[in-house]
Amino acid sequence: MSMACLVLASGLSRRFGHNDKLLAEFKGQALLAYCLNAAKAAPFDDYFVVTPDPDPRAILARNHGFNVINNPNPEFGQGASLALGAGKLIEKGFDATCILLGDMPFITSQFLKKLIAASEGQEVMFSRHAGRFMPPAIFKSDALHKLTTLTGDQGARALDFSGCQLEHLNLPPELAIDIDSARDFDRL
């Protein structure tokens with residue numbers, strides 16, 4: 001089974017103000033770089049980022065060894081970005097993907113390795129924090145194909161995965177932090 005890493009980095013940063021949060025300097029590097037570095041240290045067969053291209057985020061992703069999937073319509077939302085990315089991975093022959101969000105800087109390669117190992121025999125492996133399923137998440141086979149049907153701003157939780165082998169791995173609170181607003185950014 002070939003598994004690609006897919007980082008979603010198309011967000012418009014509406015709650016962040018006038019700046020691009022994924023390019024904002026966070027403890028010495030762009031916020032997006034943390035996710036890219038963690039992913040590259042995990043054993044995926046290839047690495048992809050969904051982002052508009054041309055865009056500084058695309059340049060950053062390429063500089064980290066990622067393939068860029070151009071999202072010409074980021075305003076369509078996270079679900080549409082996820083569907084676009086999943087479709088491209090299927091076209092390229094992948095039968096599994098691990099989805100990460102570019103605004104989660106505390107995810108570690110160690111957690112990703114545990115998630116990959118725990119996904120053995122499962123079609124869907126979510127991270128779970130505070131009772132919620134969330135990324136990073138792994139989707140295989142039919143579950144990967146279901147991602148291509150997403151629209152709007154809802155992520156994979158909007159899909160019906162009944163009939164799929166679904167499991168979760170608890171995500172420690174310190175890894176579950178995502179940055180949505182300038183206030184979140186300043187607080188950290």
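Remarks
- Nonlocal amide H pairs with VAL7, under 5 Å, H built at 1.01 Å: PHE48, VAL49, VAL50, LEU100
- With θ taken as phi - 60° and the Karplus curve 6.51 cos²θ - 1.76 cosθ + 1.60 applied, the whole-hertz 3J(HN,Hα) list for region 118-123 is 5, 7, 4, x, 10, 7 Hz, x standing for glycine and proline.
- Solvent-free Debye scattering, log10 I(q)/I(0), computed from the Cα coordinates of region 36-135 at q = 0.16, 0.17 Å⁻¹: -0.75, -0.85
- Cα-projected label distance for LYS113 with GLN154, points at 7 Å along beta-carbon direction, nm: 3.7 nm
- Projected label points at GLU174 and SER2, each 7 Å from Cα along the beta carbon direction, are separated by 3.7 nanometres.
- Rel. contact order, % - alpha carbon contacts under 8 angstrom, at least six apart, the chain: 26 percent
- Built amide H within the under 5 Å cut-off of LEU169, gap 5+: PHE126, SER127, ARG128
- Across region 54-64, computed HN-Hα scalar couplings (Karplus, 6.51 cos²θ - 1.76 cosθ + 1.60, θ = phi - 60°) run x, 5, x, 5, 5, 4, 4, 4, 4, 5, 9 Hz from first to last residue, x flagging Gly and Pro.
- Cα-based convex hull, region 119-168, per residue volume (Å³, whole number): 76 Å³
- Taking θ as phi - 60° and the Karplus parameters 6.51, -1.76 and 1.60, the scalar couplings of region 127-135 work out to 7, 9, 9, 6, x, 10, 7, 7, x Hz in sequence order, x denoting glycine and proline.
- Anisotropy class of region 22-72 from Cα gyration tensor, a/c 1.5 cut: oblate
- Rounded to the nearest 500, the 222 nm mean residue ellipticity of the chain from helices alone is -8500 deg cm²/dmol, with -39,500 (n - 2.57) taken per DSSP H run of at least 4 residues.
- Qualifying aspartates and glutamates (Cα of each under 20 Å from Cα of LYS92; at least 8 residues distant if same chain): ASP45, ASP46, ASP53, GLU123, ASP142
- For the chain, diffusion coefficient by Stokes-Einstein and Kirkwood Rh (Cα), 10 °C, 1.306 mPa s, µm²/s: 98 µm²/s
- Region 1-78 and region 135-166 have their alpha-carbon centroids 20 Å apart.
The numbers here are math on the coordinates, done by the rules we state, and not lab data. Given the structure is predicted, the values throughout are model-derived calculations rather than measurements. Please note: Cβ atoms are built from the backbone with ideal geometry, for glycine as well, and neighbour counts cover all protein chains shown.
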